[in-house]
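Read the structure below first, then the notes.
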Amino acid sequence: TYIGSIVASVNPYKSIPGLYDGAAVERYSKHHMGEIAPHIFAVANECYRCLWKRHDNQCILISGESGAGKTESTKLILKFLSAMSQHSLELSSREKTSCVEQAILES
């Protein structure tokens with residue numbers, strides 16, 4: 001569930017099919033946080049959007065007790081950010097300008 005811009009999650013201690021696959025990355029990349037069900041990808045997407053659209057520095061704090069899934073959560077956030085960065089790279093290569101170059105040009 002969301003608590004403001006915080007997502008509170010529970011480690012299910014088992015794999016849930018489709019929860020963290022490519023389709024989930026795609027789904028959460030197209031929505032703002034709060035538009036669809038709470039998910040760690042929604043938090044990662046909000047950070048990505050703020051970083052590139054608003055040029056705001058970002059930080060994600062992952063907290064919990066031993067065995068709560070902090071390492072797995074970190075891996076999932078990095079998976080999402082990597083997929084989004086790859087997507088941006090593909091778009092910019094088609095447009096012949098990178099997101100970083102675009103941000104510099106807009107400044």
Selection count where residues are among the aliphatic types (A, V, I, L, M) and assigned to a helix (DSSP H, G or I), scope the stretch 46-73: 1
For the stretch 12-42, name all the residues that are in a helix (DSSP H, G or I) and either open to solvent by 60 Å² or more (accessible area, probe 1.4 Å) or more than 15 Å from Ser73 (Cα to Cα) (or both). Gly22, Ala23, Glu26, Arg27, Tyr28, Ser29
Might you check whether a residue that is touching a residue at least 12 places away in the same chain (Cβ under 8 Å), of a type outside the set (Asp, Glu) and in contact with a strand residue (DSSP E or B) (Cβ under 8 Å, 6 or more places away or on another chain) occurs anywhere in the stretch 59-77? no
Which condition breaks for Gly69 when tested against (1) surrounded by 13 or more Cβ atoms within 10 Å (Cβ to Cβ); (2) on the phi < 0 side of the Ramachandran plot; (3) not hydrophobic (A, V, I, L, M, F, W, C)? (2)
By residue number, the members of the stretch 1-56 that are more than 19 Å from Ser82 (Cα to Cα) and β-branched (Val, Ile, Thr) are Thr1, Ile3, Ile6, Val7, Val10, Ile16, Ile36
Pull out all pairs, ordered by first then second residue, where Cβ-Cβ is under 9 Å, the residues are six or more apart or on different chains, the first lies in the stretch 5-21 and is closer than 17 Å to Ala44 by Cα, and the second is among the hydroxyl-bearing types (Ser, Thr, Tyr) and outside any strand (DSSP E or B). Val7/Thr1; Ala8/Thr1; Ser9/Thr1; Ser9/Ser73
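The values are calculated or read from the model by the stated rules, or taken from the named source; none is laboratory data. Please read these numbers as outputs of a predicted model, since none were measured by experiment. Cβ coordinates were reconstructed from backbone atoms using ideal geometry, including for glycine residues, and neighbour counts include every protein chain displayed. Note: areas computed on protein heavy atoms with side chains; ligands, DNA, RNA excluded. Shrake-Rupley method; radii C 1.70, N 1.55, O 1.52, S 1.80 Å.
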